[in-house]
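Below is one structure, written out as structure tokens; the observations come after it.
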DNA sequence: TTTGATATCCCCCTATTATGGTATTGATAG
DNA sequence: CTATCAATACCATAATAGGGGGATATCAAA
């Protein structure tokens, strides 16, 4: 059976060495490199052909997020697990958007690292609980909107407008007259405090009014 | 110490009973109710005051997603863990958006349920690995941008347009003439295959071109 | 050197949208 | 019962946007 190739970027020397020792206990793992910074990330990844990359977020020089972006330009297969001390610094979403596959807090590393590596290789996404909650909360949509008191009909028309339809088309779609559409649009603009189609569509889409 | 109150909605009788038995083994848990459907969800939740709700996705009558929406209308505190057989049916995101806090595949239930309950009460978001990966993949932004071959200037102008600015304003902002803005806009419309501001803004925002 | 892409500017004409009115109907809340 | 609101509809005028041209300058690649 071929060994699992692991590459480590972590600027804290003692943590990095601890990780190496922890992972070397498992004979199915091979550490193909461990680095205190990500300056040579491209060369190192190409040479090392890692299955799993452990990437610290905060490093001198190239930070972890930037490193992930660079890696993803030419390698979509390596599984990348981010390591960080804090769970609130906004880097979380940047890293995940850039293409990271997992996200562990350093305080969970000794407990969860081996399990996390197994999980990520099986197509999972290992995350510390507080990180997982951040991600889930991101998805929660707060709805009790209608901040602008749009009526159902007005929302319908704004929705159609935001799809790019002209007044004429909206009228035909809804089976009402062109003039009625214009009346609705006027009221929508009033309520939204805008004065043009562009502003209305922008506001509608950005604030998810439709 | 006050017990942890658990409420169960699951239409598979044997799984539901299995869950009850599993959780009753722990003396810190109290099952405040177990139901095969979510028809009375509002009354039951108000009466039971659960700390944790286990909610099956697929149930006759009111489905799990709908039930979560109803619960969240008046209870923001109960921690809701969804249960499902499949990890690919699109309900995943609906449920999480509606306000669920965790998501387990039924095949992981016996292994992970107790740990999941602890995790969710500590502010985590327990998920089966494959669900976690779905969520993470949702965040990954695929970049193969510039599908439409917009130049930098064109992207800049489209961005300004999508903020709701008029041609006049864009011209003033960029320090170029009104006619130049129009020329750019015409080319943008060509490249995007649209014929109006509305369509252009809609496309720009929905496809994240800016 | 010529070509192609980009950015800049102008003109003409038409179509669509914005603003300001007024008005009728039906449903609903006081 | 009546005041209000939502939805419907129309008119007139002004402003903005869309579609068709044509033109010049730059820069890099062929």
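For residue B:176, all conditions in the list (1) in the same structural domain as residue B:24 (by TED's automatic domain parsing); (2) assigned to a loop (DSSP other than H, G, I, E, B); (3) out of contact with any strand residue (DSSP E or B) (no Cβ under 8 Å at 6 or more places or on another chain) hold save one; what is the number of the exception?
(1)
Let's see how each residue does on (1) buried (at least 16 other Cβ atoms within 10 Å of the Cβ); (2) within 25 Å of the chain's Cα centre (by Cα):
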| position | (1), (2) |
| --- | --- |
| B:1 | no, no |
| B:5 | yes, no |
| B:9 | yes, yes |
| B:14 | no, no |
| B:23 | yes, no |
| B:31 | yes, no |
| B:39 | no, yes |
| B:43 | no, no |
| B:48 | yes, no |
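Within the range A:152-168, does at least one residue satisfy the condition of being more than 8 Å from chain B (Cβ to nearest Cβ), outside any helix (DSSP H, G or I), surrounded by 19 or more Cβ atoms within 10 Å (Cβ to Cβ) and touching a helix residue (DSSP H, G or I) at 6+ places or on another chain (Cβ under 7 Å)?
no
Yes/no per residue for (1) free of Cβ contacts under 8 Å to residues at least 24 places away in the same chain; (2) more than 16 Å from DNA strand C (Cβ to nearest atom); (3) over 20 Å from the mean Cα position of the chain (by Cα):
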{"position": "B:141", "(1), (2), (3)": "no, yes, no"}
{"position": "B:146", "(1), (2), (3)": "yes, no, yes"}
{"position": "B:158", "(1), (2), (3)": "no, no, yes"}
{"position": "B:167", "(1), (2), (3)": "yes, no, yes"}
{"position": "B:193", "(1), (2), (3)": "yes, no, yes"}
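Tell me the residue from A:175, A:198 that is away from DNA strand C (no atom under 12 Å from the Cβ) and farther than 28 Å from residue B:68 by Cα, please.
A:175
Taking the residues in the range B:169-191 that are in contact (Cβ under 8 Å) with a residue 12 or more places away in the chain and under 27 Å from residue A:210 (Cα atoms) as candidates, determine which candidate is farthest from the other protein chains (Cβ to nearest Cβ).
Of everything passing the filter in the range B:169-191, B:191 is farthest from the other protein chains (Cβ to nearest Cβ).
Could you tell me how many of the residues in the range A:108-139 are assigned to a helix (DSSP H, G or I), more than 7 Å from chain B (Cβ to nearest Cβ), more than 20 Å from residue B:79 (Cβ to Cβ) and in contact (Cβ under 8 Å) with a residue 12 or more places away in the chain?
The qualifying residues number 10.
The values are calculated or read from the model by the stated rules, or taken from the named source; none is laboratory data. Note that this is a predicted model, so its numbers are computed, not measured. Heads up, the Cβs are rebuilt from the backbone with ideal geometry, glycines too, and the neighbour counts pull from every protein chain shown.
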